[in-house]
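Here is the structure we will look at, set down as structure tokens.
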Amino acid sequence: MATLEVFQDIIGRQENCFLKAATGLEGGVTACGSTCGVVTGGSLGLALMYDSILQEKGIPAEAGVISLVGEYVRWFGNNFGSPLCKERTGVNFYSAKGQLRYLFPGDKVSKCMWHIRGAMRHLYDYQGKDLPGINIGLNDKKSEPIHCAQSVLQGIRNRTGVGDPILERMSFVLDGGIGFQGGVCGALVGAIMGINILLGINIREMNYLQIMKLFIIGHMNLILNKDSKKPDPFYVGKKIVEKFKKEATFTECRDITEKKFSDWADFQKHISSSNKCSKLIELATTEASNAIQKFL
């Protein structure tokens with residue numbers, strides 16, 4: 001969330017709905033240890049930075065942006081060890097011991113702060129960078145592409161009325177585990193972002209103490225596994241992650257699909273014919289929509 005806020009300030013475009021949706025990206029998507037929020041947040045920020053080009057050039061520009069996102073994810077992994085939170089920190093945020101180890105004596109939390117700093121310096125240099133020319137093929141241009149997170153977000157909006165068209169448009173970068181790099185499944189991220197459009201934290205409207213209070217309550221609920229009296233994005237998100245993992249076994253795209261996608265065409269060929277991915281998109285949409293309906 002912090003990464004996305006800073007990125008928006010850099011490019012001079014504040015999208016508060018993005019920040020609320022990003023609440024659930026912390027700790028590797030609701031603290032489950034998958035792809036780091038600095039990676040997912042930075043990837044969404046890159047898409048937002050190229051929004052005018054995306055609207056002008058459509059699918060070829062999407063292919064170019066997702067190529068840059070893949071480059072960013074690889075850079076992050078090469079420089080910081082792994083794009084996955086659980087591999088970088090070695091911490092289980094669903095246990096009291098894990099949360100205490102993350103905070104004390106301070107080496108792990110300070111490392112994350114250092115990684116955020118390094119990632120923002122790297123992302124800053126993308127400003128003004130031309131998109132790579134990607135040949136997606138004539139047939140791909142004629143057909144409407146399928147995007148995991150986008151499909152879930154659109155489904156949630158259709159069923160509940162809760163959604164954001166800009167977030168939906170930018171969410172294509174989550175395909176194939178963020179830029180085709182095999183990380184967290186885009187359908188799962190779509191579900192978590194969808195519930196956080198309603199339940200998430202808009203840090204621009206809160207002071208530091210208010211933000212810390214909500215994060216402490218949320219992380220306590222992760223440990224206690226007990227729903228709070230007020231709707232809490234961390235507890236609700238954890239339940240969705242658990243249901244998703246029960247069905248898919250894994251949270252990472254490369255493990256779910258048993259594939260590493262080489263490019264846009266390779267991913268689209270898979271997603272357009274995969275019954276497993278279709279079922280997971282439906283599961284993610286249904287679980288998030290049901291959770292949202294409880295609080296409307």
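Each reported figure results from applying straightforward, stated rules to the coordinates on display, with no laboratory input. Since the model is a prediction, treat every value here as computed from it, not as a measurement. Positions of Cβ are backbone-derived with ideal geometry, glycine not excepted, and every protein chain shown enters the neighbour counts.
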- Go through region 74-87 residue by residue and turn each phi into a ³J(HN,Hα) via Karplus (6.51, -1.76, 1.60, θ = phi - 60°); whole Hz please, and just put x for glycine and proline. 5, 4, 4, x, 5, 8, 10, x, 5, x, 8, 4, 5, 7
- Can you tell me the relative contact order of region 1-52? Whole percent, Cα pairs under 8 Å, sequence separation 6 or more. 38 percent
- Query: How large is the convex hull of the Cα atoms of region 142-277 per residue, expressed in Å³ as a whole number?
  - Reply: 133 Å³
- Give the relative contact order (percent, whole number) for the chain; include only Cα pairs under 8 Å separated by 6+ residues. 25 percent
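Semi-axes of the equivalent ellipsoid of region 113-214: what are they in whole Å, largest first, if each equals the square root of 5 times a C-alpha gyration tensor eigenvalue? If you can, show how the numbers build up before the last one.
Numbers: eigenvalues 156, 101, 29 Å².
Ellipsoid semi-axes (Å, largest first): 28, 23, 12.
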- Query: Angle, helix 275-293 long axis vs. longest principal axis of the chain, Cα atoms, 0 to 90°, nearest 10?
  - Reply: 50 degrees
- Item | Residue-wise HN-Hα coupling along region 186-196, computed from phi with Karplus coefficients 6.51, -1.76, 1.60 (Hz; x: Gly, Pro) | x, 5, 5, 4, x, 5, 5, 5, x, 5, 7
- Message: What percentages make up the Cα-Cα pair-distance distribution of region 12-147 when the bins are 5 Å wide from 0?
- Response: 2, 9, 17, 19, 18, 14, 10, 6, 3, 2, 0, 0
- Going down the list Lys213/Lys245; Lys86/Lys279; Lys97/Lys260; Lys108/Lys260; Lys213/Lys238, which pairs span over 24 Å between their C-alpha atoms? Lys213/Lys245; Lys86/Lys279; Lys97/Lys260; Lys108/Lys260
- If one puts a single equal scatterer on every Cα of region 1-81 and applies the Debye formula without solvent, what log₁₀ I(q)/I(0) results at q = 0.24, 0.26 Å⁻¹? -1.18, -1.25
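Give me the dipole magnitude in Debye, nearest 20, for region 1-85 about the Cα centre, with unit charges on the beta carbon: positive for Lys and Arg, negative for Asp and Glu.
In debye, rounded to 20, region 1-85 gives about 140.
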- Task: Could you give the size of the charge dipole of the chain about its Cα centre, using +1 on the Cβ of each K and R and -1 on the Cβ of each D and E, expressed in debye and rounded to the nearest 20?
- Result: 900 debye
- Mean separation of Cα contacts under 8 Å (6+ apart) over length of region 1-153, as relative contact order %: 25 percent
- Task: Please list, in chain and number order, the residues 5+ apart from Leu84 or on another chain whose amide H is under 5 Å from its amide H, with Hs placed from the backbone.
- Result: Cys36
- What residue among Val241, Gln154, Leu103 has its Cα farthest toward the positive end of the dipole of the chain, where the charges are +1 on Lys, Arg and -1 on Asp, Glu, each on the Cβ? Leu103
- Starting at the first residue of region 23-39, write each ³J(HN,Hα) from the Karplus equation 6.51 cos²θ - 1.76 cosθ + 1.60 with θ = phi - 60°, in whole Hz, x for Gly and Pro. 3, x, 8, 5, x, x, 6, 6, 6, 8, x, 7, 4, 4, x, 5, 6
- Message: What is the angle, in °, between the Cα long axis of helix 208-224 and the longest principal axis of the Cα atoms in the chain? Nearest 10 is fine, range 0 to 90.
- Response: 90 degrees
- Query: Using the 10 angstrom Cβ neighbour count as an exposure proxy, how do Trp75, Trp114, Trp264 rank, fewest first?
  - Reply: Trp114, Trp75, Trp264
- Item | Alpha-carbon centroids, region 53-78 and region 157-220: separation in whole Å | 20 Å
- Message: Is there a quick way to get the dipole size of region 68-170? I mean about its Cα centre, with the Cβ of Lys and Arg at +1 and of Asp and Glu at -1; what is the value in debye to the nearest 20?
- Response: 380 debye
- Note on the structure: Taking the chain, the whole-percent share of alpha-carbon pairs separated by over 35 angstrom is 11 percent
- Apply the Kirkwood formula to region 152-193: the hydrodynamic radius equals the inverse of the mean of 1/r over all pairs of different alpha-carbon atoms; give it in Å with one decimal. 10.4 Å
- What's log10 of I(q)/I(0) for region 79-138 at q = 0.13, 0.22, 0.27 Å⁻¹, Debye sum over Cα points only, no solvent? -0.52, -0.91, -1.13
